[in-house]
Amino acid sequence: MTGKITVVGSGYVGLVAAACLAELGHSVICVDNDLNRVATLQAGGVPIHEQFLPELLQRHRGKRLEFSSSLPDAVAASSVIFIAVGTPPKDNGEADLSYVESVAREIAQNLNGYKVIVEKSTVPVYTNEWIRQVLNLTAGPHADFDVVSNPEFLREGTAVTDFLYPDRIVVGADSERAAELLKGVYAPITNGSYYQNIDRIPEPDSALIPPPLILTTAKSAELIKHASNAFLALKISFINAVANICEGVGADIQQVAKGMGSDSRIGPQFLRAGLGYGGSCFPKDVAAFHAVARECGYEFNLLEEVMRINEDQRTRFLKKIRTALWTLKGKKLGVLGLAFKGKTDDIRESPAIGLIQQLLAEGAHVIAYDPAAMPRTREVLQDKITYADSPYDVADGADALLILTDWEEFAKLDLKHVHKLLRYRIILDGRNLYCKDEMEQYGFIYVSVGRQPVPLRQLARVG
Ligand code: UGA
């Protein structure tokens, strides 16, 4: 029997984990020290944009899922405590673990019997040892607990299905007792019983059912998380570097990526060239992994290059905008997309936001639309840009249209209409959402990533 589960933190990871654990049949307390957030969640609010999350919160709130601001009460009532608080980057790239430490201390002060403390936040190797030390120092050497590393591999936008239909579950436990308890937590997934439910969250096409649970040491599990994110970021930077060569030699990155990705040893995923990776995970985790490696005496220079290529990708795109428009001062630029990727309202480390700030600095006027990320953008950019109600409002009278986020709806625009609305028929596509031939047919000047531009020099004025 697993008993009650506490999840500390109600951010992207904590809230999704809490809702999904309740969906698996567990009784869950989700704790946050942000009283406003707890009140919002208790009152039925959904603070983040995530597919299926509103349904799960609706289904389990007040039944198997409760929200609380009292960590002591939650700890006392639970046998498994997940720590899913933020680990933001410090100036030197290391992860700031002060939130994890203060949660560990508070848990230690409220231990009342055997507990398993599970680190779910992305943390550097050795964090489980530090948590153990904090617990021992605070609760005394006889405290009865284990610390387990159970990294998450959730992507924003598909986090609920990623949790319920994972490729694998990694449990890094240094004791048999803790490993058994965690196996019990995930049993409805690993024994397949969850997938028999009629009202289960629908499975994605590629779901591996049931997925394996990989048991490792705590340190290996911590490394699996950082190494996985760093490797995915490496894949993106690699394909972006190849895209730049494609531009130089007149090849097409989409054909190249298809040819490479069809090799089962390489795989087709994370080979989409574009503006580079953003978000709250890859930039932070690549820098943190680089810092971890340095600390243990290894210069992981490859990761420096991954970061450099990623930065360079935005600069190259800015140059393309300048090349297509000559000067930017006073130009009206229509921007589609603010989030760091489609299906999310998250703008942390978004290439779109970085680019817009550079365009503004060069004197351009920006009018933008995003299906979900405009409220969050307003908090950062305030009224420095104009917010539109639709992609077509963005295009209306613009000197060029810039596609900066890969929302599905941006790939299905009524091009005839866009053609009429734009002042100049120039589209700069940082996400390669369109086929070049289609753009050529409509007579757009179309500039994308890793493909030859369509036709670059004939600036056509719509009559
Ligand atoms: C990423 C990982 O994919 C998750 O497995 C992990 O759990 C998560 O980080 C985390 O550590 O919390 P996420 O940041 O939500 O998830 O988003 P991804 O879908 O991985 O995309 C990251 C960035 O890479 C986005 O900016 C996206 O546009 C970019 N990307 C992705 C590309 O430029 N090309 C690609 O082919 C794929």
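Just to make sure I understand: if all protein chains stay in place, what is the order of Trp326, Trp407, Trp130 by accessible area at 1.4 Å, largest first?
The most accessible residue leads, giving Trp326, Trp130, Trp407.
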Quiz item: Given the protein chains as shown and a 1.4 Å probe, how many square angstrom of His419 are accessible, to the nearest 10?
Solution: 40
Exercise. Quick one: which residues, 5 or more positions from Val80 or on another chain, have an amide H under 5 Å from its amide H? H modelled 1.01 Å from N in the peptide plane, none for Pro or chain starts.
Key: Thr6, Val116
Exercise. Would you list the membrane-span-like helices of the chain, meaning whole DSSP H runs whose alpha-carbon atoms span at least 30 Å along their axis and whose mean Kyte-Doolittle value is at least -1.0?
Key: 218-249, 301-325
Quiz item: Among all the lysines, which ones have a C-alpha under 25 Å from Lys115's C-alpha, if same-chain residues fewer than 8 places away are not counted?
Solution: Lys4, Lys63, Lys183, Lys219, Lys225
Quiz item: What Kirkwood hydrodynamic radius do you get for the stretch 237-309 when you take the inverse of the mean 1/r over all pairs of distinct Cα atoms, in Å?
Solution: 13.7
Quiz prompt | Solvent-accessible surface (1.4 angstrom probe) belonging to Asp199, in square angstrom, nearest 10 | solution = 90
Quiz item: Which whole-number percent gives the relative contact order of the stretch 314-447, counting Cα pairs below 8 Å spaced six or more residues apart?
Solution: 25
Practice problem: Go ahead and run the numbers for FRET between Asn136 and Ala361, Cβ-Cβ distance against an R0 of 41 Å, rounding to 0.05. | Solution: 0.20
Self-check item: Positive-end residue of Val85, Ile427, Gly354, charge dipole of the chain with Cβ unit charges
Solution: Ile427
Quiz item: On the accessible surface of the stretch 98-183, probed at 1.4 Å, how many percent belong to carbon and sulfur atoms?
Solution: 47
Quiz prompt | Whole-angstrom gap from the stretch 410-460 to the stretch 309-356, using each part's C-alpha centre | solution = 16
Quiz prompt | Accessible surface, per residue, of the chain when the full set of protein chains is kept, probe 1.4 Å, Å² | solution = 45
Quiz item: In percent, how large is the relative contact order of the chain, given Cα pairs closer than 8 Å and 6 or more residues apart?
Solution: 11
Quiz item: To the nearest 20 debye, what is the magnitude of the charge dipole of the chain about its Cα centre, counting +1 on the Cβ of each Lys and Arg and -1 on the Cβ of each Asp and Glu?
Solution: 1200
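The values are calculated or read from the model by the stated rules, or taken from the named source; none is laboratory data. Not measured: the values here are computed from a predicted model. Cβ atoms come from the backbone with ideal geometry, glycine included; neighbour counts cover every protein chain shown. Heads up: the accessible areas ignore ligands, DNA and RNA and are worked out on the full protein's heavy atoms, side chains in. Shrake-Rupley method; radii C 1.70, N 1.55, O 1.52, S 1.80 Å.
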